[in-house]
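The values are calculated or read from the model by the stated rules, or taken from the named source; none is laboratory data. Note that the structure is predicted; figures quoted are calculated from it, not measured. Note: ideal-geometry Cβ built from the backbone for every residue, glycine included; neighbour counts use all protein chains shown. Only protein heavy atoms, including side chains, enter the accessible area calculation; ligands, DNA and RNA are left aside. Shrake-Rupley method; radii C 1.70, N 1.55, O 1.52, S 1.80 Å.
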Amino acid sequence: MESGVQRLPFGMYAKFRGTIDMAEVAATEFVRQNTTIQVPRILDVIKEKDGKLFVVMSRLQGEPLGGRLQRMEQQSRIQFAADLGDWLHQLRRFPPPSDAVSDFLGGPTLQFNVEMFKKSRTLDEHWRLP
């Protein structure tokens, strides 16, 4: 459980140890309620004594994209690109919370996933796409 993400029984996940904040909780719920994009349902948010959150959420059906994208047939990649374009179109119709680069609630932003892209120069290299 060192990563701060733990799979739970009954199709649930928990995020904790500073890997999630209220901005991510709020953004996830906003996307779930205002778009057709499938995101986990937030089931419970517990604020720990140190101020960090323990969040229980539903699990989405399917396979993680990182393991699937490289094995997709060309037609499936085309469909995925179309779906991704639709999701981005849905998200871009909402105005940003402020003129500053910020999180969903207008506060400072912290990106946990940026580290995975530092080792490759481009997304194509990262995913080894032709």
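When each of LEU43, LEU65 is tested for being open to solvent by 70 Å² or more (accessible area, probe 1.4 Å) and hydrophobic (A, V, I, L, M, F, W, C), the lone residue that passes is LEU43. Note on region 80-106: residues that are open to solvent by less than 70 Å² (accessible area, probe 1.4 Å) and more than 20 Å from the chain's Cα centre (by Cα) amount to 2. Consider region 68-79 and keep the residues that are open to solvent by less than 70 Å² (accessible area, probe 1.4 Å) and among the aliphatic types (A, V, I, L, M). The one that is nearest to ILE20 (Cα to Cα) is LEU69.
Taking each residue of region 51-73 that is touching a residue at least 24 places away in the same chain (Cβ under 8 Å) and looking for partners that are open to solvent by less than 80 Å² (accessible area, probe 1.4 Å) and among the basic types (Lys, Arg) with beta-carbon atoms closer than 9 Å, six or more apart or interchain, yields LEU53/LYS15; PHE54/LYS15; VAL55/LYS15; VAL56/LYS15; MET57/LYS15; LEU69/ARG77.
Assess whether THR19 counts as being open to solvent by less than 70 Å² (accessible area, probe 1.4 Å) and of a type in the set (S, T, N, Q). So THR19 passes the test.
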